[in-house]
Every structure is written in structure tokens, then in C-alpha cells.
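The values are calculated or read from the model by the stated rules, or taken from the named source; none is laboratory data. Treat the numbers as computed from the prediction; the structure is a model and nothing was measured. Here Cβ is always computed from backbone atoms with ideal geometry, including for glycine, and neighbour counts include all displayed protein chains.
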Amino acid sequence: MTEQVTHIKTLKQRDMVLFTVSAILLLDTLAAAASGGASSIFWWLFLGTFFFVPFALICAEMGCSYPEQGGIYAWIRDAFGGRWASRATWGYWVNTAVWMPAIYILFAGVFKQMFFPELALGWQIVIGITLTWVAVLVNIITLDVGKWVPNLGAVLKVIIFLVLIAGAINYTQLHGMANPLTWDTLKPDWGNSLQYIPAIIYGMLGFELVSAGSEEMNDPARDVPRAIFMSGVIIIVLYFFGTMAVLAAIPAGHINLVEGLVDTLNLFFAGSAAGEAIVLVLGIAAMYTFFSNGVTWALGCNRAAAEAAMEGELPKIFAIESKTRGTPVGAAVLMGIVSTITLGLYGFMSGSNEDLFWSLFAFSAIIFLLPYQGMLLAFVRMRVVDADHPRPYKIPGGLLVAQLCAWTCILVLSLAIVLFIYIPGEGVQMPVAMGVIFMLVLGEVVIRYAENYRRS
């Protein structure tokens with residue numbers, strides 16, 4: 001029997017808004033989204049309407065109706081049972097373990113670009129591994145301390161986006177748009193740029209994270225929907241205009257996935273001492289946000305994995321918590337180990353930080369998207385089999401509208417999964433596909449081990 005831990009009620013609505021902004025508003029996807037050219041503006045509007053909004057509504061209803069510690073795990077467990085919940089939680093958790101190296105390689109790439117242009121890829125990998133273990137440390141301190149990492153990250157992200165937008169307004173008045181915005185350029189591009197559409201979808205996920213820490217909230221039924229709606233408006237507005245800012249500076253074909261942000265800042269502000277100082281400050285702030293991204297997702301995913309382990313659905317090592325802090329020590333340390341191994345292995349197969357970033361990003365993203373399919377199916381099922389359950393917030397329009405929202409989101413996520421594996425014009429990405437298969441098989445082994453241990 002796992003010892004019960006008392007969770008401190010320390011999360012306020014403000015914290016939840018900032019936490020959600022920190023999790024979803026990703027600078028790392030901005031360059032990838034803009035690489036799709038002017039048509040990415042269309043995709044932000046289209047997917048914002050037909051995916052982002054319905055997904056936010058679903059998370060708002062589930063988060064306040066079933067405000068359980070564990071979030072996505074608890075929802076799928078209640079709908080389909082422990083084994084499917086464990087599979088979803090494994091995917092959810094291991095995605096973060098694989099994605100953290102990607103985001104920390106981005107950190108290292110920006111660090112190289114700004115301070116050490118000749119820094120070898122090997123040293124960038126060392127930086128990534130070091131940041132991974134700092135993130136682990138933040139995960140095992142109490143949330144009343146750890147929450148300030150994503151809170152500060154959220155504020156800095158908003159500032160960076162606003163400065164980017166202001167810089168673009170000034171730049172376009174002098175130089176025009178690097179990517180002209182006309183009907184011909186804005187209409188959907190069905191060619192190679194489709195590979196970047198999943199990055200836009202990826203940048204819209206994470207609303208459910210606030211529910212993973214529900215036991216540390218004062219009033220989750222009231223605060224979860226409010227936090228989701230407020231953060232959602234901030235996120236979609238900044239994504240839209242932030243992408244336009246990058247498109248104003250750099251032709252789509254020349255956007256570097258790792259260096260695109262700093263390249264944009266240099267074009268907007270470099271050329272004077274004051275401008276160089278702005279680039280330096282914002283570059284350092286961006287690096288901090290990359291670090292806070294990893295911390296934010298780890299905070300939510302490690303708690304979901306710990307909850308699954310406490311119920312015997314994952315090995316008990318995931319359930320190890322600090323007796324004094326109530327934090328998921330076991331899950332956090334395991335995440336650090338997996339991240340370190342992944343970064344080392346993929347680092348040997350990559351020729352540049354950009355190749356390494358995209359390989360890790362695509363690999364992790366597919367694993368990441370699969371649990372959301374389970375979450376959305378859980379929503380559909382619970383609306384039917386648990387129709388009388390109290391729902392402080394309920395999607396307007398009845399069951400038909402709620403199901404339409406869910407199935408639309410499922411279709412969009414399925415498209416994203418396909419496009420991460422198969423790039424038009426390039427074919428199947430075998431390192432990505434093989435990595436996904438390996439992690440899914442490993443997850444099945446881990447889950448069956450936990451089941452056998454529980455029965456014995």
C-alpha cells in the first residue's frame with residue numbers, strides 16, 4: 001500500500017493561467033510553423049477554429065467535471081479501465097521524456113548562436129543533458145516553489161511575443177514583408193509545407209495539464225474553466241501574430257528551425273548598441289522559456305505517471321514520492337534517465353542541431369498525440385455512460401455538439417500523426433517510425449510487468 005501524501009493547496013487561478021500559457025505557448029514551434037510560408041496563417045485560423053476551440057471546451061468540461069489528481073490518466077481510466085489509461089499515461093509521460101531533449105537542444109542551439117558560434121554538437125548535447133537534470137531537481141521540490149519556473153516562463157514568453165510583433169510592425173514599414181500576404185500565398189499549400197502543419201497542432205495542446213495538479217488547487221471546478229478560457233485567448237492571439245512576425249523577416253525557405261527566432265530578432269533590432277542589447281536580453285529570456293517548457297510539462301506528466309503507479313497500473317518506482325513534499329521523485333528521476341539516453345543516441349545519428357531537434361521533436365510528438373486520442377474518446381464515452389454526473393461547465397449545444405467537437409479533434413490529431421511519419425515528397429521517416437514503435441513496445445512491457453506485480 002502506497003503511503004498517502006497530503007497535497008498542499010497552493011495553486012491559484014493566476015498560477016493556472018500562467019501555467020497553461022507556459023505549457024502551450026511554445027517558442028520552439030514558432031519557426032517550424034512559419035516554415036510553412038504564408039499559408040501557415042490560414043492554418044492557424046483554420047485549426048484555431050476547428051481544433052483549438054473545441055479542444056479547449058472539452059478540457060474545460062472534463063477538468064471541472066472530473067478534477068482528479070492525474071488528469072488525463074484518471075479520465076481514460078474511468079472510461080476504459082486501467083490498462084488503456086496506463087498506455088495513455090505511458091505515452092504522455094515518455095513523450096515528455098523524449099521531448100525535453102529536443103527543447104533543450106534548442107536551448108543549446110540558441111546559446112551557441114548568441115555566444116559560441118563554433119560550439120560543437122557534442123557540447124550542445126552536454127548542455128541538454130545538464131538542463132534535463134536541473135528540470136528533474138525542480139520537479140522534486142514543492143509546487144509552491146516549482147510553480148514559479150513556469151510562471152516566470154509564461155510572462156517572458158508573452159513579452160518576447162509582444163516584442164516580436166512590435167518589431168515586425170516597424171520592420172515591415174521600412175522593408176515590407178519577406179513573405180507577401182496575398183490570396184495566392186495565404187491559401188492552403190498542399191505540397192512539402194504540409195510537414196509543418198503538425199507543429200501548429202502540437203502547439204495547441206496542453207489545456208488538460210492544469211487538472212493534473214487539481215489536488216493542489218483551491219477550487220478546481222471554478223478555476224479550471226476560467227483558466228482555460230483566459231489562457232486560450234492569450235495563446236491563439238500571440239501565436240497568430242508571432243508567426244506573422246517571423247514571416248515578415250525571413251523567407252519561408254530560409255527559416256532555420258533552431259536559429260529562426262534569433263535570426264528574426266537580429267533583423268528587427270540589430271545594428272545599434274541598444275538593438276544588440278535587446279537581442280541579447282530577449283535571447284536569454286527565450287532560453288529560459290525553453291527550460292521552463294520542459295519543467296512545466298514534466299510537472300504535469302510526472303504527477304499523472306505517479307497517480308497511475310499508485311493504482312498499480314505502472315511499476316511502483318513511478319509512485320515514489322517525497323514524504324515531506326508530496327512530489328513525484330521516482331517518475332522525475334526516471335524521466336531524467338530516459339531523456340539522457342535518448343539525447344545521447346539520437347545525437348550520434350544527427351549531423352546538426354537542426355536535424356537533431358526535428359528528429360526528437362517528430363518522434364516525441366507522435367507519442368504525445370496518441371494519448372489525446374484516448375482522452376477525446378474518453379470524453380465521448382463519459383458523456384454517454386455518465387450523463388448524470390455533475391458538470392459545473394458543459395459544452396453548449398447538447399450531446400451532438402459535444403461529440404462533433406470530439407470527433408473533429410480526433411480527425412485533426414490523426415492527420416498530424418500521419419504527417420509526422422510521412423512527409424510529402426520525402427516519404428516515411430524511418431528513424432521517427434522506429435523510435436515510436438520501440439517506445440510503444442517498451443510501454444507494453446512496462447505495463448504488463450506492473451500488472452503481473454500487482455497480481456502477485
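Kindly indicate whether Phe348 is under 22 Å from Ala199 (Cβ atoms), out of contact with any Ser or Thr (no Cβ under 8 Å at 6 or more places or on another chain) and not in a strand (DSSP E or B). Before the answer, list the steps.
Numbers: under 22 Å from Ala199 (Cβ atoms): no; out of contact with any Ser or Thr (no Cβ under 8 Å at 6 or more places or on another chain): yes; not in a strand (DSSP E or B): yes.
Against the criterion (under 22 Å from Ala199 (Cβ atoms), out of contact with any Ser or Thr (no Cβ under 8 Å at 6 or more places or on another chain) and not in a strand (DSSP E or B)), Phe348 does not qualify.
Tally time: how many residues in the stretch 6-35 are at pLDDT below 75, more than 18 Å from Ser292 (Cβ to Cβ) and not in a loop (DSSP other than H, G, I, E, B)?
1
Please work out which one of (1) buried (at least 16 other Cβ atoms within 10 Å of the Cβ); (2) under 23 Å from Thr29 (Cβ atoms); (3) touching a residue at least 40 places away in the same chain (Cβ under 8 Å); (4) out of contact with any Cys (no Cβ under 8 Å at 6 or more places or on another chain) is the condition Leu376 fails and give its number.
Here Leu376 clears every test but (4).
Taking the options Ser322, Ser339, name whichever one is of a type in the set (Ser, Thr, Tyr) and part of a helix (DSSP H, G or I). First the steps, then the outcome.
Details: Ser322 fails: part of a helix (DSSP H, G or I).
When all the criteria are applied, what remains is Ser339.
Output the number of residues of the stretch 79-137 satisfying the condition of being modelled with pLDDT under 90, in contact with a Lys or Arg (Cβ under 6 Å, 6 or more places away or on another chain) and farther than 27 Å from Gly260 by Cα.
1
Within the set of pairs 6+ apart or on separate chains, which have a first residue in the stretch 263-283 that is without any contact (Cβ under 8 Å) to a residue 12 or more places away in the chain and at negative phi, a second that is in a helix (DSSP H, G or I) and among the basic types (Lys, Arg), and C-beta atoms under 9 Å apart?
Hits for this filter: zero, empty list.
Can you confirm whether the stretch 398-416 contains a residue that is buried (at least 18 other Cβ atoms within 10 Å of the Cβ), of a type in the set (Phe, Trp, Tyr) and assigned to a helix (DSSP H, G or I)?
Taking every residue of the stretch 398-416 in turn, none turns out to be buried (at least 18 other Cβ atoms within 10 Å of the Cβ), of a type in the set (Phe, Trp, Tyr) and assigned to a helix (DSSP H, G or I).
Kindly establish whether Tyr73 is of a type in the set (Phe, Trp, Tyr) and at pLDDT below 80.
Values: of a type in the set (Phe, Trp, Tyr): yes; at pLDDT below 80: yes.
Taking the combined requirement at face value, the residue satisfies it.
Can you name the helices (runs of 4 or more DSSP H) wholly within the stretch 82-180 that have at least 1 residues being more than 18 Å from Gly347 (Cα to Cα), touching a strand residue (DSSP E or B) at 6+ places or on another chain (Cβ under 8 Å) and not small (Gly, Ala, Ser)? Spell out how you get there, then give the answer.
Details: elements: 82-115, 121-139, 143-146, 148-175.
Where helices (runs of 4 or more DSSP H) fall fully within the stretch 82-180 and carry at least 1 residues being more than 18 Å from Gly347 (Cα to Cα), touching a strand residue (DSSP E or B) at 6+ places or on another chain (Cβ under 8 Å) and not small (Gly, Ala, Ser), they are 143-146.
Surrounded by 18 or more Cβ atoms within 10 Å (Cβ to Cβ) and modelled with pLDDT of 80 or more, is that true of Asn170? Let's see the steps before the verdict.
Details: surrounded by 18 or more Cβ atoms within 10 Å (Cβ to Cβ): no; modelled with pLDDT of 80 or more: yes.
No, not satisfied.
What are the residues in the stretch 255-272 that are within 23 Å of Ile103 (Cβ to Cβ) and not in a loop (DSSP other than H, G, I, E, B), if any?
Gly260, Leu261, Val262, Asp263, Thr264, Leu265, Asn266
Cβ-Cβ below 9 Å, separation at least six or inter-chain, first residue in the stretch 428-456 and at pLDDT below 90, second assigned to a helix (DSSP H, G or I) and surrounded by fewer than 11 Cβ atoms within 10 Å (Cβ to Cβ): which pairs?
So the pair list comes out as Pro431/Met349.
May I ask you to list the residues in the stretch 297-319 that are within 24 Å of the chain's Cα centre (by Cα), in a helix (DSSP H, G or I) and aliphatic (A, V, I, L, M)?
The answer is Ala298, Leu299, Ala304, Ala305, Ala306, Ala308, Ala309, Ala319.
If you go through the stretch 204-222 one residue at a time, do you hit one that is at pLDDT below 80, surrounded by fewer than 19 Cβ atoms within 10 Å (Cβ to Cβ) and of a type in the set (Ser, Thr, Tyr)?
no
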